[in-house]
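Nothing in this text is a laboratory measurement; each read-out follows from the coordinates by a stated rule. None of the values given here were measured: they were computed from a predicted structure. Please note: Cβ atoms are built from the backbone with ideal geometry, for glycine as well, and neighbour counts cover all protein chains shown.
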Amino acid sequence: MDNLISHCATWAALIAHQKNLAQVHLRDLFALDSQRFEHFSIQTSGLLLDYSKNRITSETLTLLQQLATEAKLQEWIVRLFQGEKINNTEQRAALHIALRNRSNRPIQVNGKDIMPEVNAVLAKMRRFSDAVRNGEWRGSTGKTIESIVNIGIGGSDLGPAMVTRALKAYHHPRLRCYFVSNVDAAHLGETLAELDPETTLFIIASKTFTTQETLINAQSARQWLINKLGNEKAVAKHFVAISTATEKVSEFGIDPVNMFEFWDWVGGRYSLWSAIGLPIAVMISQDNFEQLLDGAHELDKHFETAPLLKNMPVLMGLIDVWYSSFFGATTQAILPYDYTLALFPAYLQQLVMESLGKRITRDGNRVDYPTGPIVWGAPGNNGQHAFYQLLHQGTHLVPADFIIAIESQHNLQGHQEAVLSNALAQSHALMMGRNTEETQSALDIPPHFLQNGANKSLSKEKNEKFKALTEQLPHRVFLGNQPTNTLVYKKLTPYILGTLLALYEHKVFVQSVCWGINPFDQWGVELGKQVASTLLPTLQADQEKTTHRRHDPSTEGLLNYIIKRRTK
Ligand code: G6Q
């Protein structure tokens, strides 16, 4: 237990420091330093990070830097980039950085340079995406492809779905892209209803090719195609696979020639840079896909080389550690003021919560401090009319990231000014709040009325109005002091999106190192899968089970209730 980071002197110093800072309001920190924006903002690779609206001082950063040093962050960054097997519970490297290693410097796995294989898959993706886009790749009846359907779930869905959505402005005009992940037949069924089998291409994306949801959806899609086209041979022209499991892809009936490979050193939620990005490349072109890789590589270089306190992902990671472990913040909001990033919060939910939702350290000890937060969010303007109330006046501390595009993908007069003014207004209001005096003055309640109440010198109407406003007063006060980061870029290009995604990936890595946990495994996903596999036969057999309970009484009761009411 002694090697828990929480037992080091810096941790104790941070606890003491938090006690002092907890009493300080962000508006006081700004009052103390008119250069606070200059002191607490940083630019790299087309991104500006303003972290001045955080409950930190330079002493906080010095202490957090010390903590990172105690956790050996710099050594861990080297290990990540050298391809060491830092995913220790699965004995694998975590080499998403190799997938976008545009410098092509050799990176070894088990003594072998993996860059030739990475580049070979990129070249195969180029040939295929070009062929689909220019109409050379045709369906079995000779028609050009118009619809791409990615069937995958988790890491084989969220990343490519988010990027494809975000870069809609770059889509090929003939092509439409669909992402089917849920095994509820409604997802695939609704999608198929919109498709013409002759012009549809299915991409089956599964690292393991054993994922129940994906295989059930893929089988149904395959059957639909064969039924519609009346020909099993059609599969070859309408199905491709992305996987690490060649044999299983063959068993499914997809020719390995039409398979795009990736490797066990690519984690699912870190895989959009690999062949899992194929739907992206088909939709936006391989050149633009490689721009995405270029952007990520640029951010990788920054992460690898910049000193800790001039390093954007390090700063963001340390600030998150500060709130989770020292302020006890349990949640974090992601608020894009860029509508094309609508799926970004859902993607980040997986990246952060699957990577940091752990309580056992790399060396097997149980942590005695809070780790990763619950991540949620929605595009900013929509959120303002929904959950921002809680951010402004609720009881939770909710650190939030504002992500702002200066320019939209569409140019309609008057829109972008509204987006930008709302974004800046919200982070300002969350930081400043509005105290009692300011509220009283905003409501125009005379100070003497507040002190003495109803007053003969005022008319009856005025007295009633001021009385009502005085009753409202506490409800209209805002404490402020809600911390936020603001990230700004000019316009969401593939390159900028690459930098943004790599920024968050590395930020998560920084947090994991500080907390001593492995961000690259996901054992927590296993148990539910196992239990589902024991329930499935009962549902398939459609037998009501009242004797010989194998599950808890609640689960058995629910099972019986459902089986009785199913339409046979
Ligand atoms: C991600 C997880 C998980 C995984 C899915 C799909 O990091 O491992 O979300 O991506 O379970 O797995 P397959 O790609 O193997 O189907």
Per the 1/(1 + (r/R0)^6) rule, R0 = 22 Å and r from the Cβ atoms of Ala9 and Phe30, FRET efficiency to 0.05 is 0.10
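Out of all Cα-Cα pairs in the stretch 100-244, roughly what percent, to the nearest whole number, are more than 19 Å apart?
Values: 5975 of 10440 pairs.
Tail of P(r) above 19 Å: 57 percent of Cα pairs.
So if each residue of separation counts as 0.36 nm, and I subtract the Cα-Cα distance between Lys310 and Asn227, what length gain in nm does that give? Please report the intermediate quantities before stating the final value.
On the way: separation 83, 0.36 × 83 = 29.88 nm, distance 5.89 nm.
Additional length available on full extension: 24.0 nm.
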What the 10 Å binned alpha carbon P(r) of the stretch 475-568 shows, as percent of pairs per bin from 0, is 11, 22, 16, 15, 23, 13, 0
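What do the square roots of 5 times the Cα gyration tensor eigenvalues come to for the stretch 277-431, in whole Å, largest first, as semi-axes of the equivalent ellipsoid? Mind dumping the intermediate values first?
Details: eigenvalues 155, 120, 46 Å².
So the equivalent ellipsoid measures 28, 24, 15 Å along its semi-axes.
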Distance in Å, no decimals, from the C-alpha centre of the stretch 56-114 to the one of the stretch 11-46 is 27
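Given a Förster radius of 41 Å and the C-beta distance between Phe387 and Lys248 as r, what FRET efficiency does 1/(1 + (r/R0)^6) yield to the nearest 0.05? Intermediate values should be presented prior to the final figure.
Numbers: r = 42 Å, r/R0 = 1.03.
Plugging the Cβ-Cβ distance into 1/(1 + (r/R0)^6) gives 0.45.
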Excluding residues fewer than 8 positions from Lys564 in its own chain, the aspartates and glutamates with Cα under 17 Å of it are Asp542, Glu544, Glu556
What one gets for the stretch 252-360 as the Kirkwood radius, inverse of mean 1/r over different Cα pairs in Å, is 17.0
Fewest-first ordering of Glu84, Glu505 by Cβ atoms within 10 Å yields Glu84, Glu505
At the level of C-alpha centres, the distance separating the stretch 374-397 and the stretch 320-343, in angstrom, is 10
quick note, the chain, DSSP beta bridge pairs, % antiparallel (nearest 5) is 30
Once the in-chain neighbours fewer than 8 apart are removed, the aspartates and glutamates whose Cα is under 20 Å from Lys207 read Glu90, Glu117, Asp157, Glu247, Glu251, Asp255, Glu261, Asp264, Glu354, Glu505, Asp521, Glu526
From the Cα centre of the stretch 475-517 to that of the stretch 159-180, the distance in Å is 24
Which of Lys358/Lys507; Lys85/Lys358; Lys19/Lys490; Lys310/Lys490 exceed 27 Å between C-alpha atoms? The answer is Lys19/Lys490
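With an 8 Å cut-off on Cα pairs and a minimum separation of 6 or more residues, tell me the relative contact order of the chain in percent. Write out the running numbers ahead of the final one.
Numbers: 896 pairs, mean separation 109.3, N = 568.
Relative contact order for the chain comes out at 19 percent.
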Note on the stretch 47-156: the mean projected area of its alpha-carbon convex hull, in nm², is 12.4
With +1 on the Cβ of every Lys and Arg and -1 on the Cβ of every Asp and Glu, the dipole magnitude of the chain about its Cα centre, in debye rounded to the nearest 20, is 740
In cubic angstrom per residue, the convex hull of the chain built on its Cα atoms measures 215
Residues meeting the amide H criterion for Arg434 (H placed from the backbone, H to H distance under 5 Å, 5 or more places apart or on another chain) are Phe478, Leu479, Gly480
In nanometres, the difference between 0.36 nm per residue of separation and the alpha-carbon distance of Asn182 and Arg566 is 136.2 nm
From fewest to most C-beta neighbours within 10 Å, the residues Cys514, Cys177, Cys8 line up as Cys8, Cys177, Cys514
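If you wrap a convex hull around the Cα atoms of the stretch 392-488, how much volume per residue is inside, in Å³?
Working: hull volume 12.1 nm³, N = 97.
For the stretch 392-488, the hull spanned by Cα atoms encloses 125 Å³ per residue.
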Taking the chain and counting helices only, DSSP H stretches of n ≥ 4 at -39,500 (n - 2.57) each over all residues, the nearest-500 ellipticity at 222 nm comes to -14500 deg cm²/dmol
Once normalised by the length of the stretch 380-444, the mean sequence separation of its alpha carbon contacts under 8 Å that are 6 or more apart gives a contact order in percent of 37
The lysines whose Cα lies under 18 Å from the Cα of Lys568, excluding any fewer than 8 residues away in the same chain, are Lys545
Length-normalised contact order of the stretch 10-140, Cα under 8 Å, at least 6 apart, in percent, tallies to 13
